[in-house]
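First the structure, in the form of structure tokens, and then the observations on it.
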Amino acid sequence: MCKTVNHYMNMIEFMYKSGGVVMGRYTQIISQRLIPLPKELSCNDIKKVAFNDIKIDVIYPEDALLRSAKRKLVSFFGNSLYGSFKIRIVDPMPETLNVLNHFPNSDQAYRIWYDGSLNISALTSRGIMNGVRTLLQAVSKEDGMFNIPLLFIYDYPDIPLRGQRSETAVRDIAYMASLKLNSADYMSINSIDEEKRLKENCINEGIVLNSNISYSGCITDENLCVLSENTDTVIFDWMTYGGKCIFPRTAVDFIKENCEKFVENKTRKVVCYTPTSDIYQKFNITAMAEWLWNAKSRDAESFMRAYATVNQMDSDKFVKWCTYNMTPARTLAENGFIERLMSNRTVTVKGKEDLDYCGFDDFIENAIIDIDKYIRMADRAVRAAKQTGYEEGETESRCVTAVLRCAGAQQKFFTLYRMKKRNPEEEQQMVLMYEMMHNNSRSLYYALLDWKNVVDKENLHFHTGITCTAVACMRMADLMKKILEKLDIKHREHHSLSYHEIGGWDVSVFDKEGIAELTYDIAKYADKEGRYHICFDYTDGKSDISVKSISGLCNNIEKAHVLYDNTSSLKRLNNDEPWYEVFIDIECTGRDQEKILKIILERATDNKNKCNGIVGIRKI
């Protein structure tokens, strides 16, 4: 290796060991705009250039990606034929060539330097595109002028393939690419034309598109991706989701630790699992992009400050919120409280003898130690976000607070329940924990809705997941109430979390087409406009009969919009699930209006001529 190469490699090694970057006069200012932070960065000056005084030169054999890089430069800077300030994409000189060739993942490496012109050079067009993205992040606009830093950069990624996995990831290509994420895994596309456009978009952004994903294993192979389900083995789970669970978790320190482990293990590809909304985890994706590119760049606080700067937030206040929020958020992620509630535990308790078979031990064994401490931190995070004006953070911390309080109520309730003998004070504590679960189940639902409206107002499927998540806590409150009833412990009745049972086991007869209809008068129980939780159960041949639809009618006109059902085609999740659940918004008000709930059943065989059904309703 030549002396020059040794010099740069030793310099970068020194930076790694010292945990910093080589600082020029303006380097600290510019570094706050760059995510991810380059391996070697310095800036000796910032030059002001008029909007119409920049010329773009590309003296490089052009391919699709390089043409795209040039378009980005021209779109941002313009391209004046007689511009006095030149930005050039150039072939690497021998010295640059030697250095770049000795970097890991050299096909993505690049160099930026100033010698009277601002130059970008790389071994491939992928490296050029990375250099262009860095430059565009570094430049700012002010009063009709560009503030162009005179950069010196050598840079390359630690992990070759970095990206996202999900159907929605392919709709967020531009944002991924802006962070130098270069891999998108998806399962299917709706149409051939859509897939063609996606592939062209990925080519222009330098993103590797994979349409076939393996679902297991810690990855070393290019065709595998890290999934959040592999938490125990690869610890890449800043957000864990149980089935349909939707819940915000921002935990930047967790992400940093995990990315460092991937780099240490020389993982080839890391693809983050994305939930229904990509906007939802913008902060987490950005953090992943930072430390998969440069694992030893910034500490957690420095990254938070850079993120706040890029997103035009007060960095001190943002760091304060994030610091308060990330510890309780991480605690919830590692504990999996919400995920266990999403496991669809039965709430059917017919007698005292049934209580011993409900499997409550895990509520105690998986208790969060010192949970009150985390609740206080989450409360402080809510206040800190309000001070910052960071609405997304405020709603997230409200969600975290509500869930922690639900977890605390559940832990104490079942700890007391497992006691062989309880005095009146301990029984009263059980009642108070039921009250807490009830109140915070409602708080969680509304906090999740507020949070959704901030991050992704239009995504109805996202709404479905939120509803399902909140219902898990609501149903646990119902279970606590049933236990109090079976133990003959007096408690306050909460109708908002209790079903009003309508009628008895009403009989419905199937017609020749195998369709049966049950109707229920719900005017007495749905006298207010708003959201209602409808539950329906039936007997006699569940394996042959399914629920086709549930609808609400006001004066014979359909006025209730079904927001959520717990499965496709309203089929029950498992044999222990006591209800079919539907959320509907009822628009008409007043008890004088006729309100009918109509349920359509469908049979698969001719084995049954009739079916018995029962309905419960409660207002959310």
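Derivation of every value follows stated rules applied to the coordinates shown; laboratory data play no part. Here the structure is a predicted model, which is why all the values come from computation and not from measurement. Cβ sites come from the backbone with ideal geometry, for glycine too, and all protein chains shown count toward neighbours.
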- Do the alpha carbons of any pairs in 482/595; 421/528; 39/317; 48/261; 524/548 sit beyond 32 Å of each other, and which pairs? 421/528; 48/261
- Item | Cα-projected label distance for residue 107 with residue 370, points at 7 Å along beta-carbon direction, nm | 4.8 nm
- Task: Pull out the extension gain between residue 556 and residue 197, defined as 0.36 nm times the separation in residues minus the alpha carbon to alpha carbon distance; nm, one decimal.
- Result: 124.6 nm
- Pop a pseudo-label 7 angstrom from the Cα along the beta-carbon direction at both residue 432 and residue 79 and give the gap in nm to one decimal. 7.2 nm
- Message: I need the calculated FRET efficiency for the pair residue 299 and residue 67, taking r as the beta carbon distance and R₀ as 51 Å, to the nearest 0.05.
- Response: 0.85
